Amino acid sequence: MLRRRVNLFLLPALMLLFAFGLQRLFELRFSHGDIYPPYSSLRADPVGSKALFESLDGLSDFDPSRHYFLNVDYGQPEETTVLILGVKPWKLRFMGSKELRSMERFMDQGGRIVIGLYPYPGRSFLDKAMAESFQKYADELEEEVRKRRNEDGKEEGEGKARKVEDAEEWSPWDEDEALENLEERLNRLKDDTDVVFASLFHRWGVNLKWEDLAVDRDSVVVPESVSRSMDAPIELPQELNWHSAGVFSFNRFEKRDWKVLYWRGEEYWQGEHPVIIERKFGKGSLIVSSDPYIFSNEALREDRQTGLLAWMFGDGTRIIFDESHFGVVTSEGVATLGRKYRLHGLMAGLLVLALLFVWKNASSLTPPLEERSLGGGAVAGRDSNLGFLSLLRRTVRPAQLLSTCIDEWLRSNPHRDKKAVELRVAASNSREHLVHRFRKLQEHLKPRR
């Protein structure tokens, strides 16, 4: 019995200890943040942007938040700035038209969107990495279209993607050819769907090119200095260290809509190698940077550009860090709805009921059979004779006890001579004790041999 009680309490204790250790392990893993993509606001190492998020959270003038949903719905546009950091350039070339129109509508109504492209130092030695990144995105995009068509599996021979292992054959990587191949693949898939892809670059009249950065003897990329344009506000810093090979160019008819803020190269190259550009959309604006380094944790420690960051935020007090383009998304599940409507008490009550149900089925309220057979802990009861005597005491008075016995005896033996019995009873009617008279009656009624 003692061992069973010990096991009953030991098992829940071990389960709680295991749950605590597992939670602690996840906390240590997630606190470092390196499981998240670069420039995510959930990442705490040098290439994350968690320090910026927490710094804004500590200021009373700002209300930072994270966006985990696939839809481009950032809420009220007024005084809102959305940061989309570390986005791969390929994702901007193939965006859903609905999402693109939602972004434009958000900016037209007064919102600001800041896009920081993932920094590639140069295509000369990163062709394979860029090809693999693009190939992965192409496969994900194609799979998304297939899901919308409710197709199971992939057709053989149609729209079949190149394997990542073949990336070595793409040296140097032909970006234009890869984009044409992906567009051809998607066009074959979107015929039966309402998915329409659009290029952010083509729609807004801007292109992305690559001008390799220099490397030292140890093949380490050397950041290049970029200068402030004459069209940029005077309060911005004069120079910045740049870690990306990406530069922008404009379409002939869209060039006047863009304003260059920073550019690479000598002064006479101004406007030819822009790295930070801005465009007005209605009441709002769009800022595109080929390097999101200024938002990173490392930059806030080593090369803080407070004035540029404050200008990027503009008049916005709501700063939204978009995490959905990293694949860090959430869905409206039971847990999400419970947190949203604060159903923690209900969840705790259901958990307690579940634990009580498990405990009820794990331990029986009756002792085991072997324990009952040993008589351990048994409570002494009464036999049938004691019960009958107790019943007589409560229902028959002592003076009527003998007559009641005679009536019951005659009822069970109707052939007896009632007169003889009555005579015997009358003869025995004396002041003797009731027990003595009952014994005399028994002697009279005994069969004679």
Exercise for review: Looking for whichever is assigned to a loop (DSSP other than H, G, I, E, B) and either in contact (Cβ under 8 Å) with a residue 60 or more places away in the chain or hydrophobic (A, V, I, L, M, F, W, C) (or both) here; the options are Gly307, Gly316. Which one fits?
Suggested key: Gly316
Practice item. Working only within region 45-65, note down all residues that are buried (at least 18 other Cβ atoms within 10 Å of the Cβ) and small (Gly, Ala, Ser). Key: Gly48, Ser49, Ala51
Study note, to complete from the structure: Of the residues in region 49-80, those that are without any contact (Cβ under 8 Å) to a residue 24 or more places away in the chain and in contact with an Asp or Glu (Cβ under 6 Å, 6 or more places away or on another chain) number 0
Check your understanding: Of the numbered conditions (1) at pLDDT 60 or above; (2) in a helix (DSSP H, G or I); (3) surrounded by 10 or more Cβ atoms within 10 Å (Cβ to Cβ), Gln442 satisfies every one except a single condition; which is it?
Key -> (3)
Review point. Could you say whether any residue in region 324-332 is polar (S, T, N, Q), touching a helix residue (DSSP H, G or I) at 6+ places or on another chain (Cβ under 7 Å) and modelled with pLDDT under 85?
Key: yes
Review point. List, please: which pairs have Cβ atoms under 8 Å, are six or more places apart or on different chains, and start with a residue in region 81-104 that is farther than 18 Å from Val328 by Cα and modelled with pLDDT of 90 or more and end with one that is assigned to a strand (DSSP E or B) and not polar (S, T, N, Q)?
Key: Thr81/Arg112; Thr81/Ile113; Thr81/Val114; Thr81/Arg318; Thr81/Ile319; Thr81/Ile320; Met103/Ile113; Glu104/Phe281
Check your understanding: Does Leu56 qualify as being modelled with pLDDT of 90 or more, hydrophobic (A, V, I, L, M, F, W, C) and outside any loop (DSSP other than H, G, I, E, B)?
Key -> yes
Review point. Out of Ser285, Ser227, Ser249, which single residue is at pLDDT below 90 and either surrounded by fewer than 21 Cβ atoms within 10 Å (Cβ to Cβ) or not in a helix (DSSP H, G or I) (or both)?
Key: Ser249
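The values are calculated or read from the model by the stated rules, or taken from the named source; none is laboratory data. Keep in mind that what you see is a predicted model, and the values were worked out from it rather than measured. Here Cβ is always computed from backbone atoms with ideal geometry, including for glycine, and neighbour counts include all displayed protein chains.
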